[in-house]
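Worksheet: one structure, shown below.
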Amino acid sequence: MLPAHRMVAHTFYQEADRILASLISTLRDFELAEDALQDALLIALERWPIEGIPPNPGAWITTTARRKAIDRLRRASTLARKHEILQELLQKEGQHGTGAREAEAIPDERLKLIFTCCHPALALEAQVALTLQTLGGLSTAEIASAFLVPLPTMAQRLVRAKRKIRDAGIPYQVPPIETIGERMDAVFSVLYLIFNEGYSVSSGNMLLRTELCDEAIHLARVLVQLLTQESLLDTLPEALGLLALMLLHDARRNARLGPEQELVLLEEQDRSLWNQDKIQEGQTLLEQALHMRRSGPYQVQAAISALHVEAKRFEETDWMQIAALYGILMRMTPSPVIELNRVVAVAMADNPLHGLSLLDRPEMQKALSNYHPFHAARADLLRRAGRPQQALEAYIQALKLCQNEIERSFLQRRLAELS
């Protein structure tokens, strides 16, 4: 690959969400913004090898995409709304050009985009899916897999959501303070899902997508700043809890892969590689949230993560308290996945057989039959309980369902050990 082509790919990888947020802010049309960005990337692939890489690649692509949007609007029908947008674009062309100042203004647009995607006029699932695609950079196939729906179904939902925002004239802005609360659950969910996809990639040959983790943490910081400035005490504790949760997880990032890029479980991680600055910041934020005495699920999850990072060795982990916190979380937001995590904590606090008896309940088997971490957890408890043949069968089932190559390699190593 030519150096210029590598730079195009790198710029898209690092800045696509910021550029797209800026375009959507002006165009108020998701599909037009996406098409204009693709046009700009194709032009960059053609020109940069000949003309050289521009000093500010992100600003160059933003300006080029805006110009391609102008071309598309000029060719489009003569609707008054399109003329209005075209006039706005032409004014921006005269004001900004390709300077670095323009790129600096882009990050603030992403929080507006999240609130736009999380408008209550859209179904909650559509809100989350649309933001994951636009800001999280997830493909339609990845989102469909996350929601356990067929690819064509998810593609239709995304198209409908984008057009509803456009046709209904949903404003591209952080909503008025008095209405911000009705969108916060969706905003929290979106940020957490973006972080999770970065921390544990659902498919492909990478375990981590660090740029997604960094993006989610950055946006959570901006959100905390906004809620603090507006003294929104009803939602601030959960925002602090969410940011703390991300930081406490992300602190373990460097220890999760071995020298051969193999998966390293929490039990075997070199804890000296954990980022102590992030741990300290996460603990401070969690304490700040808990002192506000408005408990919520993200604060509970952050407290669980804090217990993990406080243990100097795996054997010192306070599994009884972790199991108790998962019990509280189950009462707040009942979920088979949360129950799975609670059961694993119970097994670690007590013994594997106790955990297996809870996992083998019919309702758990039914709810999580297609969830590979369920079979992987069950296989691990069977291995610890000295039942190698049953563990082998459970690992095989987990391997059938797992779509991440690094996790698959780990499961195959476990299979080889048992064989």
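Quick note: the coordinates plus some simple rules give every number you see, no bench work behind them. Please read all numbers here as calculations on a predicted model, not as lab measurements. We place every Cβ from the backbone using ideal geometry, glycine too, and count neighbours over all the protein chains shown.
Compute the FRET efficiency between Ser272 and Ser202 as 1/(1 + (r/R0)^6), taking r as their Cβ-Cβ distance and R0 = 30 Å, and round to the nearest 0.05. Provide the component values of the computation, followed by the final result.
On the way: r = 29 Å, r/R0 = 0.98.
Efficiency, rounded to the nearest 0.05: 0.55.
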Rounded if a/c is under 1.5, else prolate if a/b beats b/c, else oblate: with a ≥ b ≥ c from the C-alpha gyration tensor eigenvalues square-rooted, which is the chain? prolate
Lysine pairs in the chain 8 or more apart or on different chains: how many have alpha carbons under 27 angstrom apart? 17
Of the residues Pro388, Leu415, Gln403, the Cα lying farthest along the dipole of the chain towards its positive end, which is defined by charges on the beta carbon of Lys, Arg, Asp and Glu, belongs to Gln403
Placed amide H near Leu257: partners under 5 Å, 5+ positions off or other chain: Val264
Under a Cβ-only charge scheme (Lys and Arg +1, Asp and Glu -1), can you give me the dipole magnitude of the range 318-419 about the Cα centre, in debye to the nearest 20? 140
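Using the Cα centre as the reference, give the magnitude of the dipole from point charges on the C-beta atoms of the chain (Lys, Arg: +1; Asp, Glu: -1; all else neutral), rounded to the nearest 20 debye.
Working: 46 positive and 52 negative charges, 183 e Å.
It comes to approximately 880 debye.
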Please tell me the relative contact order of the range 318-419 in percent, rounded to the nearest whole number, where contacts are Cα pairs under 8 Å and at least six residues apart. 20
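Pulled fully out, how much extra length does the chain show between Gln261 and Gln156, if you take 0.36 nm times their separation in residues and subtract their Cα-Cα distance? Could the numbers behind the result be given before it?
Working: separation 105, 0.36 × 105 = 37.80 nm, distance 3.68 nm.
Fully extending the segment from Gln261 to Gln156 adds 34.1 nm.
What dipole magnitude, in Debye to the nearest 20, does the range 337-383 give about its Cα centre under +1 on Lys/Arg Cβ and -1 on Asp/Glu Cβ? Mind dumping the intermediate values first?
On the way: 5 positive and 5 negative charges, 16 e Å.
Its charge dipole is roughly 80 debye.
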What does the C-alpha gyration tensor say about the overall shape of the range 281-359? Classify as rounded when a/c is under 1.5, otherwise prolate if a/b is larger than b/c, or oblate. oblate
Can you run phi through the Karplus equation (6.51, -1.76, 1.60; θ = phi - 60°) for the range 301-318 and list ³J(HN,Hα) in whole Hz, with x for Gly and Pro? 5, 5, 5, 5, 4, 4, 5, 5, 6, 6, 6, 5, 10, 4, 5, 8, 4, 7
With each pseudo-label sitting 7 Å past Cα toward Cβ, what's the Ala416-Arg293 distance in nm, one decimal? 5.7
Put +1 on the Cβ of every Lys and Arg and -1 on every Asp and Glu Cβ in the range 185-257; which of Asn196, His218, Ala251 then has its Cα farthest towards the positive end of the dipole? Ala251
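Evaluate the relative contact order of the chain (contact order divided by residue number), counting alpha-carbon pairs under 8 angstrom at least 6 apart; express in whole percent. Provide the component values of the computation, followed by the final result.
Values: 522 pairs, mean separation 44.5, N = 419.
Computed over the chain, the figure is 11 percent.
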